[in-house]
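Below is one structure, written out as structure tokens, with a few remarks after it.
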Amino acid sequence: MSSVVIVVLVVVVVAALAAVAARPMLRRRRLRNRFGPEYDRTVTETGDRRSAERELADRERRHSELDLHELSEDQRQRYTTQWTEAQERFVDDPEAALQDADRLIVTVMAERGYPTDDFDQQVADLSVEHAEPVGRYRVAHEIATRSDGSGVSTEDMRTAIVHYRDLFQDLLNGDTSNEKAARS
């Protein structure tokens, strides 16, 4: 009888240790799936996987505290019209169109409930729900901030507009975690 108890205890201890050991792997997989290329970028930037995972988890916590919401159909239509105008303006004035696109992204973010005061915080907040286009948003914003006459090519500006469009469409059409949770 006591040998059965010992075997059961050993099995329970081994199972508990396996569960504890698997936890970081499960967390890593969940973060990789959620953040996609942003996970790898953050690991590279911090130089340490644990620090990067802590930062990404902090982003998720901060994001969960934001009061995010979808846009109304009227807002979507208005912003879609503004986006179309910015794209059309590109033919005659690419630099102005790029600045319009940059401002429109920030406006839509604010409408959705994202803080917009600090670019780095914008990107961190966006990365939780919009991980795929956020890397391209960084590139587009960098081009837009350089385009004040410092030799940015029209092709670079076109690339930035395309990158902005990816995020714009995602922001216009995307659900938020807060809304998904409220509907459940």
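The values are calculated or read from the model by the stated rules, or taken from the named source; none is laboratory data. Treat the numbers as computed from the prediction; the structure is a model and nothing was measured. Using ideal geometry, Cβ is built from the backbone for each residue, glycine included, and neighbour counts are taken over all protein chains shown. Heavy atoms of the whole protein, side chains included, go into the accessibility calculation; ligands, DNA and RNA do not. Shrake-Rupley method; radii C 1.70, N 1.55, O 1.52, S 1.80 Å.
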Loop trypsin sites (Lys or Arg not before Pro), the range 38-103 (other Cβ atoms within 10 Å of the site Cβ: 11 or fewer; DSSP): none
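Nearest 0.05, what FRET efficiency do THR46 and SER153 give at R0 = 22 Å with Cβ-Cβ as r?
On the way: r = 32 Å, r/R0 = 1.47.
Computed FRET efficiency for THR46 and SER153 comes out at 0.10.
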Karplus-derived HN-Hα couplings along the range 50-67 (A = 6.51, B = -1.76, C = 1.60, θ = phi - 60°), whole Hz, x at Gly and Pro: 5, 4, 4, 5, 5, 4, 5, 5, 5, 4, 4, 4, 4, 4, 5, 8, 6, 9
³J(HN,Hα), Karplus 6.51/-1.76/1.60, whole Hz, each residue of the range 35-48, x for Gly, Pro: 9, x, x, 5, 4, 4, 4, 5, 4, 5, 5, 7, x, 8
Rel. contact order, % - alpha carbon contacts under 8 angstrom, at least six apart, the range 39-156: 23 percent
The range 34-184 - percent of accessible surface contributed by carbon and sulfur, probe 1.4 Å: 44 percent
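What accessible area per residue, rounded to a whole number of Å², is obtained for the range 56-133 using a probe radius of 1.4 Å?
Details: 3860 Å² over 78 residues.
Value for the range 56-133: 49 Å² per residue.
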Gain upon complete extension [ASN173, GLU73; 0.36 nm per residue less C-alpha separation]: 35.0 nm
